[in-house]
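No lab work stands behind these numbers, since they all come straight from the coordinates. Keep in mind that what you see is a predicted model, and the values were worked out from it rather than measured. Ideal geometry is used to build each Cβ from the backbone, glycine not excepted, and the neighbour counts take in all protein chains shown.
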Amino acid sequence: MASVSVANVRKNYGHFEVLHGVDIDIRDGEFVILVGPSGCGKSTLLRMIAGLEEISGGNVSIGSKVVNNVAPKERDIAMVFQSYALYPHMTVEANMGFSLRLAKAPKDQIKTRVHDAAQTLGLQHLLDRYPRNLSGGQRQRVAMGRAIVRQPQVFLFDEPLSNLDAKLRVQMRSEIKQLHQRLKTTTIYVTHDQIEAMTMADRIVVMRDGYVEQIGSPLDLYDRPANLFVAGFIGSPGMNVIKGRISATGPLEFIANGGARLPLPENAAPARGAEVIYGIRPEHLIVSQDGVSAEVVVVEPTGAETQINARLGSDALVATVRERLSLQAGDAVQVAPDLSKLHLFDARTEKRLPID
Ligand SMILES: Nc1ncnc2c1ncn2[C@@H]1O[C@H](COP(=O)(O)OP(=O)(O)O)[C@@H](O)[C@H]1O
Ligand SMILES: [Mg+2]
């Protein structure tokens, strides 16, 4: 196993720069997920760590060694792609042992490692099959098995679950996490799915347009997003964000551009009159008599909880509640924000403002 360091890494294709100086330090044994919208540069960065893409600036190190000019097969990493890339004419056993045969490992060692990996992944009974006779989930497991048998220093995954149906994705998520808990191999995993990132990662790196927006544990990002982008990207349904300003005179409150007035904690730091964005997660809106009045637009019960889509002045608002309320479109509902969970963002920089 090894640590991985990405220091001021840049990538340009001709004059077009797609990574603008990225810094990430990954500890030995850590499970780090790169997440961000499509096109933000996740795959490019992963491929640079793998050695499949030239580095335009900065350094990639594995362990204490800078590997910028080290060939992919010398980096002691194993990569799993979205398109499993199995050899169709080889059995599962041959697919899994391929890299070891290529490295001229002794036959009995190949057999032991392939059988160990097959057992770990529940593939023992499929070793003689060909990829065409496997389900999507089984193919995905074989692709992982091929990476495991190499016992690499680092695993790299690029959206490995994107081709699976929703149910299988949830199951494989948990299997990959358990696999990491067992093997403790340093893992870098790319996805555009924030739920995948939240449920699997030790730490998440949120990327946008070739920049790192924030690095932190899943709950760090959820509770203390550095800016409006991270606040909106992490969490589903997303955080409610309402544009407006702090009252300039009179009682301290937030005045939405759409006309609504919302409470602020007494210790709210921004100056009177400052333009801010009011951010409150759906589960931090409480239905309560002394709340502000909003108009119900749609009610979506899921069983465990109910999502209320409402309108507050001209702003849309989502509240998730666990109690069962008899509400219908057009009804008035009183909602009160839990002020200890409120976020305020600077309207210009979109950075989160301290409240205290
Ligand atoms: N070979 C290439 N030549 C030119 N531009 C590329 C190439 N590969 C990727 N890009 C561009 O780099 C950006 C990042 O791509 P990518 O790393 O694939 O994003 P992600 O994996 O986050 O969806 C995109 O704008 C993409 O169009
Ligand atoms: Mg990609």
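Here are a few things to note about the model shown:
- Here the calculated FRET efficiency for residue 17 and residue 289, from their Cβ-Cβ distance with R0 = 45 Å, stands at 0.25, rounded to the nearest 0.05.
- Loop-located GluC sites (Glu not before Pro) in the range 52-90 whose Cβ has at most 13 other Cβ within 10 Å (DSSP): 54
- This ranking places 64, 99 by how few other beta-carbon atoms lie within 10 Å of each, fewest first, which gives 64, 99.
- Sites residue 69 and residue 355, calculated FRET efficiency, Cβ-Cβ separation with R0 51 Å, nearest 0.05: 0.60
- Helical runs (DSSP H, four residues minimum) scored at -39500 (n - 2.57) apiece and divided by the length of the chain put the mean residue ellipticity at 222 nm at -7000 deg cm²/dmol.
- For q = 0.17 Å⁻¹, Debye-computed log10 I/I(0) when each Cα of the range 161-279 counts as one equal scatterer: -0.90
- In terms of surrounding Cβ atoms within a 10 Å radius of their Cβ, 183, 221 rank from fewest to most as 183, 221.
- The residues neighbouring residue 313, those whose beta-carbon lies less than 13 Å from its own, together hold a net charge of +1 under the Lys/Arg +1, Asp/Glu -1 convention.
- For the set 184/351; 11/243; 42/65; 65/184, the pairs lying more than 26 angstrom apart at their alpha carbons are 184/351; 11/243.
- Helix 136-148 and the longest principal axis of the Cα set of the chain meet at an angle near 60°.
- Largest to smallest principal axis extent of the C-alpha atoms in the range 4-232, angstrom: 51, 40, 30
- A Förster radius of 25 Å, combined with the Cβ-Cβ distance separating residue 248 from residue 348, puts the computed FRET efficiency at roughly 0.90.
- Gyration tensor over alpha-carbon atoms, the range 221-306, equivalent ellipsoid semi-axes in Å: 24, 18, 11
- In nm, spacing of pseudo-spin labels at residue 209 and residue 174 (7 Å Cα→C-beta vector): 4.0
- Net charge dipole size for the range 1-129 [Lys, Arg +1 and Asp, Glu -1 on Cβ; Debye, nearest 20]: 300
- Burial ordering of 349, 186, 249, fewest other beta-carbon atoms within 10 Å first: 249, 349, 186
- Length gained on full extension, residue 300 to residue 261, computed as 0.36 nm times the residue gap minus the Cα-Cα distance: 11.5 nm.
- Debye-sum result for the range 239-353 in log10 I(q)/I(0), which assumes one identical scatterer on each alpha carbon, at q = 0.24 Å⁻¹: -1.39
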